[in-house]
Amino acid sequence: MEFRIRANRMAAENRALSGKTGAICDEIEMRLLRGRYRFGQEILVNDLVKEFGASRAPVMAALNYLRAEGYLIITPQVGCKVVSPTLSEIEDFVFTFSRVEGAIASMAAKRHYANEIALLDETQQKIRRIAPKKGQQITQPYVDLIADFHRQIHDMCHSQFAGDRATRNWRVLDFFLFNGSFGNIQGGPSLALADQQRAEIVEVIARRDSAAAGRLMEKHMRDKVKWFPVTSKSPAPELPEEHAAEPAERPSATVLTTVGRRRR
């Protein structure tokens, strides 16, 4: 099952590119996020020029932007290809990503308005109502609502810079996960744990416990990546989880067991 990612809206919020170049960039990024372009795959500039009916200049401007974002490698006189990150590089990203999300949740606990908590809780309840049961595959509305949950927390920290950076981090996570078999995730203990963690995050943000909000969000993000598949070869195994609000730790080398390669 292919999942849509709202990359165009995210790109419009975070990118200076416009016109033909911006449209080309949006489309190529969407393909990267959906896993249409796989880790290590060559991207032929001449093919893109023909496909988009554009000159070489806007195509190269779009590719260079995506290179700067970390998706591509461009070698002069050789060509362009999708990055192929190592296990260590993905682990480094996961560690940094969880820390950033934790910091934003901590700020949200301090800075939110009362009406924002009501909206966040409403989103969490919607996620719970449509969450797949054991053995059922995740759905597009489920994916979108989880993205909305995290975007709302980004907004609640009331820092445009922090929110923009967090959105970029979500796109990198999308890129990693959708180069794997994200759509094969089914309901079960891991999704149930994630649901419980989100409910607790809402609770601690509501009572303005910034330390607990940061700690729980960090663990939520680390646990989430543990059971998301990150390779095109096979899904990562579902790991036993222990739910505890513990200090952040750098993920061990066993957190992501296979690498070959996904929000608002």
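The values are calculated or read from the model by the stated rules, or taken from the named source; none is laboratory data. All values reported here derive from a predicted model rather than from experimental measurement. Neighbour counts run over all protein chains shown; Cβ positions are idealised from the backbone, glycine included.
The conditions are (1) within 17 Å of Asn179 (Cβ to Cβ); (2) in contact with a helix residue (DSSP H, G or I) (Cβ under 8 Å, 6 or more places away or on another chain), and Ala109 fails exactly one of them. Which is it?
(1)
Can you tell me how many residues in the stretch 160-185 are surrounded by fewer than 16 Cβ atoms within 10 Å (Cβ to Cβ) and among the polar types (S, T, N, Q)?
2
What pairs come out if I take residues in the stretch 149-174 that are at positive phi and modelled with pLDDT of 85 or more and pair them with residues that are in a helix (DSSP H, G or I) and surrounded by fewer than 20 Cβ atoms within 10 Å (Cβ to Cβ) whose C-beta lies under 6 Å away, six or more apart or interchain?
Note: pairs meeting the criteria are His158/Arg111.
Tally up the residues in the stretch 138-148 that are more than 24 Å from Tyr65 (Cβ to Cβ) and modelled with pLDDT of 85 or more, please.
Going through the stretch 138-148 one residue at a time, the tally reaches 6.
Suppose the filter is over 28 Å from Ile138 (Cβ atoms), modelled with pLDDT of 95 or more and part of a helix (DSSP H, G or I); does Ala105 pass it? Quick ask: steps written out before the conclusion?
On the way: over 28 Å from Ile138 (Cβ atoms): no; modelled with pLDDT of 95 or more: yes; part of a helix (DSSP H, G or I): yes.
Here the answer is no, as Ala105 does not meet what is asked.
What residue, of Gln197, Gln140, Gln152, is among the polar types (S, T, N, Q) and surrounded by fewer than 17 Cβ atoms within 10 Å (Cβ to Cβ)?
Gln140
If you take the residues in the stretch 110-137 that are in a loop (DSSP other than H, G, I, E, B) and buried (at least 16 other Cβ atoms within 10 Å of the Cβ), which one is modelled with the highest pLDDT?
Checked the stretch 110-137; the qualifying residue modelled with the highest pLDDT is His112.
With the checklist (1) in contact with a Cys (Cβ under 8 Å, 6 or more places away or on another chain); (2) at pLDDT below 90; (3) among the acidic types (Asp, Glu) in hand, flag the one item Glu42 doesn't pass.
Looking at each condition in turn, Glu42 falls short on (2).
Just a yes or no: is a residue in the stretch 108-124 under 15 Å from the mean Cα position of the chain (by Cα) and aromatic (Phe, Trp, Tyr)?
No, every residue in the stretch 108-124 fails to be under 15 Å from the mean Cα position of the chain (by Cα) and aromatic (Phe, Trp, Tyr).
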